[in-house]
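The values are calculated or read from the model by the stated rules, or taken from the named source; none is laboratory data. This is a predicted model, so every value here is computed, not measured. Cβ coordinates were reconstructed from backbone atoms using ideal geometry, including for glycine residues, and neighbour counts include every protein chain displayed. Calculation scope for accessible area: heavy atoms of the full protein, side chains included, ligands and nucleic acids excluded. Shrake-Rupley method; radii C 1.70, N 1.55, O 1.52, S 1.80 Å.
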Amino acid sequence: MARTRTRTRELYQRAQKIFPYGVNSNFRYWGEDTNVFVRGEKGYIFDADENRYIDYRLAFGPVILGHGYPAVVERVTQAIKDGGVFAATHPLEITVGERIARMTGLPKIRFANSGTEATMHALRIARAYTGREVVIKFEGCYHGFHDYLLWSTATTPRGSMGSRRSPINVPSGSGIPRVMGDLVINLPFNDFEMLERTVKARWGNIAAIIVEPVMGNSASVMPVEGWLQHIRRLCDEYGIVMIIDEVKTGFRIANGGAQEYFGVRADLATYAKSVANGFPLAAIAGTEAVMSIVGPGSVAHGGTYVGNVPGTAAADATLEILEEQDIIGSIARRGQKLIAGLDRILTDAGIPHAMMGPPQMFGFVVGIDTPPRDYRDCLTSDLELYEHIILEMIERGAIAEPDFREPWFLCYEHSDADIDETLNAYADAVKAVKQAH
Ligand SMILES: Cc1ncc(COP(=O)(O)O)c(C=O)c1O
């Protein structure tokens, strides 16, 4: 049954000699079976041995249309013939900025190159706007690799987080200055009372509340009814900037992202993934009032590659397609079919489980049957069983992240036949795991 991965392993051995752990992002390390993919096409990726996988990782979310989507590739190819960066404004930046403003309802935009950069700049803007320094985030939410927010993220072990009533801020690894922890408060997601109590006690120092509207790094745990509106209300009442981190949800769960999906308004929102179908373009979008603080001699923002031509050309094509066709609805329909199928397979196998999240980026837990409300709840599920089933499914030609925290992402080019094939692979994987135990 196991697929041959000779060439993939050879390449990975070479990679290990150059890169720590053989990867350029810690999240890509899978031990000896670390992947080397050589190409993607539609909803598929191919490893160095030409094994084909139906791809539900989609590079952790950005590929909204499909790998190598022709209209995007063509626009990028045309645009880069005339150069890639100019240290000046390019017309494509303007078109894409206008599109993002129209689609998100936030009128002022600045670009960045990655989600990490976008959230880092959003924090600076919020701090400058409020004249305050502390930020509230939620346990299990991940906002990128900078020191400000790499605290109690989705890799934090349960045992280190302390009591739910008085959570301990845990740095996600060494090298993060301890003093940064004084600038961040971590609270459990969906806990109305704790958030309100904390804001009331400390609002004079709180610049921003940053939230992943769907916990896109913790199995797509959903905000309970009114949670995002509760954050909005507290921000309004206490002069705090509400930052909705739409890096995963933006241009994926609705054209207007979580703001549209949940009917909530951000002061600042950050985007980086589906905006350009996998090319590097990120954005900070905000209200006139908050964004007007950015500028020379006022609040620093910029970068050599910000607004680069490949990224903006890709975004121009991607957002045009999203605006003109019902891409998100079409993905949702196939996502629902996949969710229903997985749900049925797990039920038939007698495995307790809970399905979560919007169909374009859903997650699920096994071993418990109540949907988690926060990261701590997630960790009470059976992480090993989830992983074993996924590893068996990968051998059968469909790939999702073996870590339950990462949602399953769908793209426009996943077909109904792909969904059927995936469900067969998952059902066989469940059987194989049950037989082995
Ligand atoms: C919600 C969220 N914010 C920020 C980031 C960081 O984005 P990037 O990897 O582009 O730096 C991620 C990455 O997965 C994310 O999921």
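The figures follow:
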quantity: Scope the stretch 268-314; condition within 13 Å of the ligand (Cβ to nearest atom) and in contact with a Lys or Arg (Cβ under 8 Å, 6 or more places away or on another chain); matching residues; calculated: Lys273, Ser274, Ala283, Ile284
quantity: Verdict on Gln259 being more than 14 Å from the ligand (Cβ to nearest atom), closer than 14 Å to Ala283 by Cβ and polar (S, T, N, Q); calculated: yes
quantity: Residue match in the stretch 163-180 (condition: assigned to a strand (DSSP E or B) and either closer than 24 Å to Gly61 by Cα or open to solvent by less than 10 Å² (accessible area, probe 1.4 Å) (or both)); calculated: no
quantity: Unique match (being in contact with a Pro (Cβ under 6 Å, 6 or more places away or on another chain) and surrounded by fewer than 20 Cβ atoms within 10 Å (Cβ to Cβ)) among Leu383, Leu391; calculated: Leu391
quantity: Only listed residue being part of a helix (DSSP H, G or I) and surrounded by 17 or more Cβ atoms within 10 Å (Cβ to Cβ), chosen from Ala340, Ala332; calculated: Ala332
quantity: Residues located in the stretch 239-277, provided they are surrounded by fewer than 24 Cβ atoms within 10 Å (Cβ to Cβ), in a loop (DSSP other than H, G, I, E, B) and not hydrophobic (A, V, I, L, M, F, W, C); calculated: Gly239, Asn255, Gly256, Gly263, Arg265
quantity: Boolean, Ala317 is modelled with pLDDT of 95 or more, more than 16 Å from the ligand (Cβ to nearest atom) and either open to solvent by less than 10 Å² (accessible area, probe 1.4 Å) or touching a Pro at 6+ places or on another chain (Cβ under 6 Å) (or both); calculated: yes
quantity: Any helices (runs of 4 or more DSSP H) falling wholly within the stretch 64-157 and containing at least 2 residues that are more than 16 Å from the ligand (Cβ to nearest atom) and under 19 Å from Gly295 (Cα atoms); calculated: 91-104, 115-130
quantity: Enumeration of residues in the stretch 18-63 that are open to solvent by 40 Å² or more (accessible area, probe 1.4 Å) and within 16 Å of the ligand (Cβ to nearest atom); calculated: Asn24, Asn26, Phe27, Arg28, Tyr29, Ala59
quantity: Set His143, His90: member being touching a strand residue (DSSP E or B) at 6+ places or on another chain (Cβ under 8 Å) and at pLDDT 95 or above; calculated: His143
quantity: Residues being outside any loop (DSSP other than H, G, I, E, B), more than 23 Å from Val73 (Cβ to Cβ) and acidic (Asp, Glu) - total across the stretch 1-54; calculated: 2
